[in-house]
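Have a look at the structure below, then the notes.
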């Protein structure tokens, strides 16, 4: 499947009449399960910051870690504590943010969807394909949203790039070159050692999501993993995604002292190129066009973009609220998320089952 076909197929989970709310804007009643994910506090901060859209009813640890303490300070201060069972049975609850440690994400997500709730499921989609596929199939049956926490989806530069590809400014896409890296601390290396896929699995999943969104599911994936420190952590990785006419190279290097500033996403077609570097905060990019398109002149130009409104994760939850209220369709389909999970596992050298 090529990029235009895939983007069209990936835009729109129609959720049906029961979600339509007429009249005054409805606040979404939401809770959070888990504090163990690296993004847990940031996602909670976004929910609390968006008080016009959300009513935060409480927070719980997943039932497998029911005795684990919830932090008392900072963004966790003043939030009602409850068990997972109490949270999921809260009257009028609409959605739950799943923020457990990665191995527990899918199990907690399944219980929330089984309770009839929409979910924000932080990245990635668990540690295998089969369990994630079961979750997505459950969500399909119940017509519930599964919003994956891939942060580049709402980055202004990536939003611009998605539009440029969809509208054909760049012509036929031939090439993607993308990289995310950092110098991993000892504690991060210990965390990465839990996954045979290392940093490609834990960090570069954001890139895989974007590549699959613009190019679709690859025909083949080749993973090249290297361990530089003798501690079983895959810390220098390359994945090649093969398409009928295009290729995508995705790198993840956890021994890079300048990894943040070097993070990039470059996409080249036969009519134009977009280069995003650095990737965050996504306030500018370099656009090169063979001919004028989208109101931009032929040639190479730096495009300055409006910054994010609010914090790093606010855009995710603004979108989630709008979809739940029936104000828009969700832009990432179930099939897209399945394609991302399968591609990610293969790119990380991990097993699908």
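Points to keep in mind about this one:
- Pair-distance profile P(r), taking every C-alpha pair of the stretch 110-191, with 10 angstrom steps and integer %: 14, 29, 30, 25, 3
- A simple spin-label model places the labels of residue 244 and residue 130 3.3 nm from each other, with each point 7 Å out along Cα-to-Cβ.
- Per residue, the average separation of C-alpha pairs within less than 8 Å and at least 6 apart gives the stretch 265-353 a relative contact order of 14 percent.
- DSSP bridge pairs, the chain: antiparallel proportion in percent, nearest 5: 60 percent
- Only Cα pairs under 8 Å and 6+ residues apart enter the sum, and on that basis the relative contact order of the chain stands at 22 percent.
- Residue order, fewest to most surrounding Cβ atoms within 10 angstrom, among 144, 189: 189, 144
- Annotation: extensible slack from residue 80 through residue 26 equals 17.3 nm (criterion: 0.36 nm per residue apart, minus Cα-Cα distance).
- Sorting 288, 77 by the number of Cβ atoms found within 10 Å of their own Cβ, with the fewest placed first, yields 77, 288.
- Pair residue 220, residue 38: separation of 7 Å Cα→Cβ label points (nm): 3.1 nm
- Our summary gives the stretch 215-330 a relative contact order of 12 percent, counting only alpha carbon pairs under 8 angstrom and 6 or more residues apart.
- Between 138, 87, 152, the Gaussian network model of the chain with springs among Cα atoms under 10 angstrom shows the greatest mean-square fluctuation at 138.
- Counting neighbouring beta carbons within 10 Å and listing from fewest to most, the residues 353, 143 come out as 353, 143.
- Among 139, 91, 339, residue whose mean-square fluctuation peaks in a GNM of the chain (springs only between Cα atoms under 10 Å): 91
- Highest-fluctuation residue, 269, 299, 34 considered, GNM on the chain with Cα pairs under 10 Å: 299
- Helix-only CD estimate at 222 nm, as mean residue ellipticity for the chain, using -39500 (n - 2.57) per DSSP H run (n ≥ 4): -9000 deg cm²/dmol
- Shape of the stretch 287-353, Cα gyration tensor, a/c cut at 1.5: oblate
Every number in this text was worked out from the coordinates using simple rules, so none of it is lab data. Owing to the predicted nature of the structure, the values given are computational and were not obtained by experimental measurement. Cβ: placed from backbone, ideal geometry, glycine included. Neighbour counts: every protein chain shown.
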